[in-house]
1. Using heavy-atom solvent-accessible surface (probe 1.4 Å) with all chains present, what is the largest-first order of Val224, Val164?
2. Go ahead and set up a Gaussian network model of the chain, Cα springs under 10 Å, then flag whichever of Lys249, Lys133, Lys211 fluctuates most.
3. I'd like the accessible area for Trp21: 1.4 Å probe, protein heavy atoms, all chains in place, Å² to the nearest 10.
4. In a shell of Cβ-Cβ distance under 9 Å around Gly232, excluding Gly232 itself, what net charge do Lys and Arg (+1) and Asp and Glu (-1) give?
5. So if R0 is 35 Å, what FRET efficiency would Val15 and Arg156 give, r being the distance between their Cβ atoms, rounded to the nearest 0.05?
6. Subtract the Cα-Cα distance of Lys53 and Trp314 from 0.36 nm times their separation in residues, and report this length gain in nm to one decimal.
7. Could you please state how large a percent of the accessible area of the chain is carbon and sulfur, counting protein chains only and using a 1.4 Å probe?
8. Can you tell me what share of the DSSP beta bridges in the chain is antiparallel? A percent to the nearest 5 is fine.
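The values are calculated or read from the model by the stated rules, or taken from the named source; none is laboratory data. Given the structure is predicted, the values throughout are model-derived calculations rather than measurements. Here the Cβ positions follow ideal geometry from the backbone for every residue, glycine too, while neighbour counts run over all protein chains shown. Keep in mind that these areas ignore ligands, DNA and RNA; they rest on the heavy atoms of the full protein, side chains included. Shrake-Rupley method; radii C 1.70, N 1.55, O 1.52, S 1.80 Å.
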Amino acid sequence: MPDRILTNQDFERMVETSDEWIVTRSGIRERHISDDQTATSDLAALAAQRALKEASISPEELDVIIVGTASPDMIFPSTACLVQNLIGARNAAPMDLQAACSGFIYALTVGKAFINSGQYRTILIIGAETLTKITDYKDRSTCVLFGDAAGAAVLRPAEKDEGVLETYLGGNGSLWHLLHMPAGGSRKPASHETVDQRLHFIKMSGNEVFKAAVKAMGDAALKVLQKAGMNGQDVDLMIPHQANTRIIKATARRIHLPMDKVYVNIDRYGNTSAASIPLALDEARRKGKVKPGDVLLLVAFGGGFTWGSALIRW
Ligand code: ACO
């Protein structure tokens, strides 16, 4: 994640809000913000290089790069193409996958399917965002929520009953309008009017998104456990998308999982969208909270709406 941090106290000076409101409603205390020179592909390439180094894999060995992002550098080319160039992965097929905050689970699922089909062997999946570039710092209902980050993982074939055991994806496009960026695409191309009307920023109906997220994340957690013939007691650690501590707690309750088996770092990073799960997974691993053989439950919800879950035996 970038170095610069914005605290709740900084927001108290920018909009009409309070540390107390932000912490009780969302669980966020601070978030990292990228500077003007840093785009999503820059964070993504850094995360990719670190993942490749830890996996002892050279960039040339990559067959595919999948970047889950809702804040690409440009409409085209894809951010994955830019990452391919930055890391020198000249043999890889690059592609972006747009599933907002569920982007990493979607990328994981597509990567697993490519490997299972036998078509490809080494796949780099990345969740990367600079949502703060499309955040309206005059809108207190959204600006306090988002932070920038990237996380990456290398996928390779695993033994039976190891690695990614099951995944589940879902969505409901009829509710797209509850969380979207209105302008800059083919529906409303950029114009003086769209800029004046602040349409190049995230618009979110927070409370309605909140209710949908609680239901969909709980359902997704249950669905993937059912697919694997497991229940909450089989889970050693849940790594949820970090949008709101209240959503995370409700998801844990749905599968009867105590909070000491849930990894939460939203207080320090805010909602980093597609980056939040790989960021939390990496942090949990470094802190020794993930041991070989552990069953991890990843679960996410995002704009679209999209949602998804994955079970991993580490
Ligand atoms: N400071 C102070 N007051 C605020 C702020 C703020 N920053 N923001 C909103 N308020 C006010 C509202 O104006 C409202 O006031 P009113 O009652 O006078 O109208 C009041 O607080 C309550 O607002 P709600 O939106 O109902 O508050 P809620 O409890 O729902 O919390 C929140 C808001 C934190 C945004 C929550 O709804 C949430 O987390 N939503 C889900 C976010 C999410 O999961 N997004 C999905 C992924 S993001 C992606 O895909 C890119």
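1. Details: Val224 0, Val164 35 Å².
These residues rank, largest area first, as Val164, Val224.
2. Looking only at Lys249, Lys133, Lys211, the largest GNM fluctuation is found for Lys211.
3. Trp21 exposes around 110 Å² with every protein chain in place.
4. Numbers: positive: Arg254, Lys261; negative: Asp234.
Here the charged neighbours net out to +1.
5. Using R0 = 35 Å, I get an efficiency of 0.15.
6. Here the answer is 92.1 nm.
7. C and S atoms contribute 51 percent here.
8. For the chain, the DSSP antiparallel bridge percentage is about 65.
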